[in-house]
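Q: One structure, pasted below without further comment.
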Amino acid sequence: MSRTARRIILLGPPGAGKGTQAERLARRLHVPHVSTGELFRQHVGGHTPLGQEAEASMRRGDLVPDAVTLGMVAERLAEPDAVEGAVFDGFPRTTAQAEALDQLLADRGQRLEVAVLLEAPREELVERLTGRRLCGACQATYHVRWSPPAVPGRCDRCGGALMARPDDEEATVVRRLEVYDTETRPLVAYYAASDRLLTVDGLGSVGDVAARLEEVLAPHD
Ligand code: AMP
């Protein structure tokens, strides 16, 4: 019987590359990529009641309250595509969320197998986030210095207009990193205590990091 880990968290500060790696990993494992940040942005864009509740916290770089986040995640995990597993990105972000996720999965006879900590130095995180640009139409990502589009401000893929995420502005980035230190970093100890923590160096190209991730996950295949 295959022991392939199918419920995986990518843990780490904003800018560590969780989104990019989670998307690739989820595709490889044939499970959904569950990004709470992305789900919140969809709610904000769609002007739903949940989006209205989340928007102010997001704009400040603070966390959305646990009850709101957990309700949204429970709903997402109830969708049929999440039966086989999920790669979580940006969730959990507090100890209460981590405990609730363990409980939610236990109630279904499931288990979070591994948390992978992606690390990168602080200056690198700030530079990655403040230089990040997104296509408003197809969500392709660019960086003003490291992966600029051929035509400034235009998406190579679809020609859409590029924009910065409102919370990637420097003062908000600094706040998000502070919030990571106080609220989310304790999860490293939480997963280490239950022997579920793996660590990957997040510096280097997307391909380099993906290869490292594959290597640390290989024993769990
Ligand atoms: P991200 O795209 O993961 O950087 O998330 C963007 C923003 O969404 C965060 O700065 C928070 O305001 C909010 N958010 C995303 N995930 C969570 C979570 N698990 N708990 C609380 N707030 C979250």
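Q: For the stretch 175-191, name all the residues that are β-branched (Val, Ile, Thr) and in contact (Cβ under 8 Å) with a residue 60 or more places away in the chain.
A: Within the stretch 175-191, Val179, Thr184, Val188 qualify.
Q: Of all residues being among the small types (Gly, Ala, Ser) and under 19 Å from Glu99 (Cβ atoms) in the stretch 162-221, which is surrounded by the most Cβ atoms within 10 Å (Cβ to Cβ)? Just the residue, please.
A: So, considering only residues that are among the small types (Gly, Ala, Ser) and under 19 Å from Glu99 (Cβ atoms), the one surrounded by the most Cβ atoms within 10 Å (Cβ to Cβ) is Ala192.
Q: Follow-up. Within the stretch 24-74, can you find the residues that are surrounded by fewer than 15 Cβ atoms within 10 Å (Cβ to Cβ), away from the ligand (no atom under 12 Å from the Cβ) and closer than 21 Å to Ala137 by Cα?
A: Hits for the stretch 24-74 are Gly45, Gly46, His47, Thr48.
Q: Now for a different question. For the subset of the stretch 75-86 comprising residues that are closer than 15 Å to Gly109 by Cα and in a helix (DSSP H, G or I), which member is farthest from the ligand (Cβ to nearest atom)?
A: Residue satisfying both the conditions and the ranking: Ala82.
Q: Are any residues in the stretch 145-194 in a loop (DSSP other than H, G, I, E, B), touching a helix residue (DSSP H, G or I) at 6+ places or on another chain (Cβ under 9 Å) and away from the ligand (no atom under 14 Å from the Cβ), and if so, which ones?
A: Within the stretch 145-194, Arg145, Trp146, Ser194 meet the criteria.
Q: Continuing with this model, one more query. Going by what's in this entry, would Glu99 be described as away from the ligand (no atom under 16 Å from the Cβ), among the charged types (D, E, K, R) and assigned to a helix (DSSP H, G or I)?
A: No, not satisfied.
Q: Kindly list, by first and then second residue, each pair from a residue in the stretch 99-124 that is without any contact (Cβ under 8 Å) to a residue 12 or more places away in the chain to a residue that is assigned to a loop (DSSP other than H, G, I, E, B) and surrounded by fewer than 19 Cβ atoms within 10 Å (Cβ to Cβ), limited to pairs with Cβ atoms under 8 Å and residues at least 6 apart or on different chains.
A: Asp102/Arg111
Q: Then there is this: Is there any pair with a first residue in the stretch 36-55 that is free of Cβ contacts under 8 Å to residues at least 40 places away in the same chain and a second that is among the charged types (D, E, K, R) and within 13 Å of the ligand (Cβ to nearest atom) whose Cβ atoms are under 7 Å apart and which are 6 or more apart or on different chains, and what are they?
A: Leu39/Arg76; Val44/Glu55
Q: Under 9 Å by Cβ, and 6 or more places apart or on different chains, what pairs join a residue from the stretch 192-206 that is touching a residue at least 12 places away in the same chain (Cβ under 8 Å) with one that is assigned to a loop (DSSP other than H, G, I, E, B) and of a type in the set (A, V, I, L, M, F, W, C)?
A: So the pair list comes out as Arg196/Leu112; Asp201/Ala120; Gly202/Ala16; Gly202/Ala120; Leu203/Ala120.
Laboratory data are not the source of any read-out in this text; all were calculated from the coordinates shown. For clarity, every value in this text was computed on a predicted model and none was experimentally measured. Neighbour counts run over all protein chains shown; Cβ positions are idealised from the backbone, glycine included.
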